[in-house]
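Have a look at the structure below, then the notes.
The values are calculated or read from the model by the stated rules, or taken from the named source; none is laboratory data. Because the structure is a prediction, the values reported are computed rather than measured. Glycine gets a Cβ as well: all are built from the backbone with ideal geometry, and neighbour counts include every protein chain shown.
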Amino acid sequence: MGSFYPPGIAQGKMLDFYVQHFNTVEINSTYYKIPHPAVFAKLDQKVPSDFEFIVKINRDTTHKKIFSPEPMFKIMESVESIMNSGKLKGFLGQFPYSFKYSTRNLEHIIETRRLCRGYRLFVEFRHDSWLQEHVFKVFEEYDIGYSNVDEPDMPKLIPPQSIVTCNTGYVRFHGRNTETWWDISKGDRYDYEYSEDELKGWFPLIEKIASAASDTYLFFNNCHMGQAVKNAKMMRDLIRDQLNLSVC
């Protein structure tokens, strides 16, 4: 839990502490397993009325070669409570490196967007074959959000960008572990803590994103020993102190 959460805090109290510092969260556990609706109902009761959720869609939607709408039906049922309370602000679809650009794969994304029932779908790619104007125009047409990323500087991965395809900007920070990105035997891909200088390096891109969007989400996925929330707090404080942007 690192240096963000108090020592010895119970797992059931971590959200209570988190909401004292942040008003939004990206739920990643749904990627692995879609929970019973009662789980989101409980989360809904534990957070303030203005709290915002982005929910990651299940890997059966993003990582299987044969498309089935069933996982999206299930996740829509799972999040019903936060839909009804107005706290659900969208879904994240993280597609793998093997998911390369093709007309068929682009249609898969469009169909997934339709299954979101009017809620925003943000899409993260891992392969740079998607970096083309045609894709961005299709995203704008279907009101699909593009997720900019910070990840290792390696061939065919996505470089830092300031792409905005809807009225909401989106950035995800994964860390820069070049040695462990493709070889988990060397360690956790996401075990990485950003320095202040590394985060400041994003300032020009964040300003471009913020100027093109009405709202912008910055999420940290370097989820090891509390590093994500520590860096999220660091980034928020840096933006508040050094950029002319409102943060919450």
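Worth a mention:
- Some residue of region 214-224 being under 20 Å from residue 56 (Cα atoms), at pLDDT 95 or above and touching a Leu at 6+ places or on another chain (Cβ under 6 Å): no
- Filtering region 38-53 to residues that are in contact (Cβ under 8 Å) with a residue 24 or more places away in the chain, loosely packed, with under 15 Cβ neighbours inside 10 Å and in a helix (DSSP H, G or I) leaves only 46.
- Restricting the first member to region 58-85 and to residues that are closer than 20 Å to residue 46 by Cα, and the second to residues that are part of a loop (DSSP other than H, G, I, E, B) and aromatic (Phe, Trp, Tyr), the beta-carbon pairs closer than 8 Å and six or more apart or on different chains are 83/119.
- The residues in region 85-104 that are surrounded by fewer than 18 Cβ atoms within 10 Å (Cβ to Cβ) and either out of contact with any helix residue (DSSP H, G or I) (no Cβ under 7 Å at 6 or more places or on another chain) or over 15 Å from residue 139 (Cα atoms) (or both) can be counted, and the count is 9.
- Filter pass, residue 17 being over 20 Å from residue 221 (Cα atoms) and either out of contact with any strand residue (DSSP E or B) (no Cβ under 8 Å at 6 or more places or on another chain) or at pLDDT 95 or above (or both): no
- Scope region 54-66; condition surrounded by 17 or more Cβ atoms within 10 Å (Cβ to Cβ) and in a loop (DSSP other than H, G, I, E, B); matching residues: 57, 58
- Scanning region 137-168 for residues that are under 18 Å from the mean Cα position of the chain (by Cα) and among the hydrophobic types (A, V, I, L, M, F, W, C), we see that the one that is nearest to residue 199 (Cα to Cα) is 149.
- Filtering region 6-30 to residues that are of a type in the set (S, T, N, Q) and either part of a loop (DSSP other than H, G, I, E, B) or surrounded by 14 or more Cβ atoms within 10 Å (Cβ to Cβ) (or both) leaves 20, 23, 24, 28, 30.
- Selection over region 179-199 of residues that are of a type outside the set (Phe, Trp, Tyr) and in contact with a helix residue (DSSP H, G or I) (Cβ under 6 Å, 6 or more places away or on another chain) gives a count of 4.
- Just one of the listed residues (163, 144, 109) is on the phi < 0 side of the Ramachandran plot, modelled with pLDDT of 95 or more and in contact with a helix residue (DSSP H, G or I) (Cβ under 6 Å, 6 or more places away or on another chain), namely 144.
- Among the residues of region 177-232, those identified as closer than 28 Å to residue 9 by Cβ and hydroxyl-bearing (Ser, Thr, Tyr) are 180, 190, 192, 194, 195, 217.
- Residue in region 132-143 that is surrounded by fewer than 16 Cβ atoms within 10 Å (Cβ to Cβ) and farther than 26 Å from residue 104 by Cα present: no
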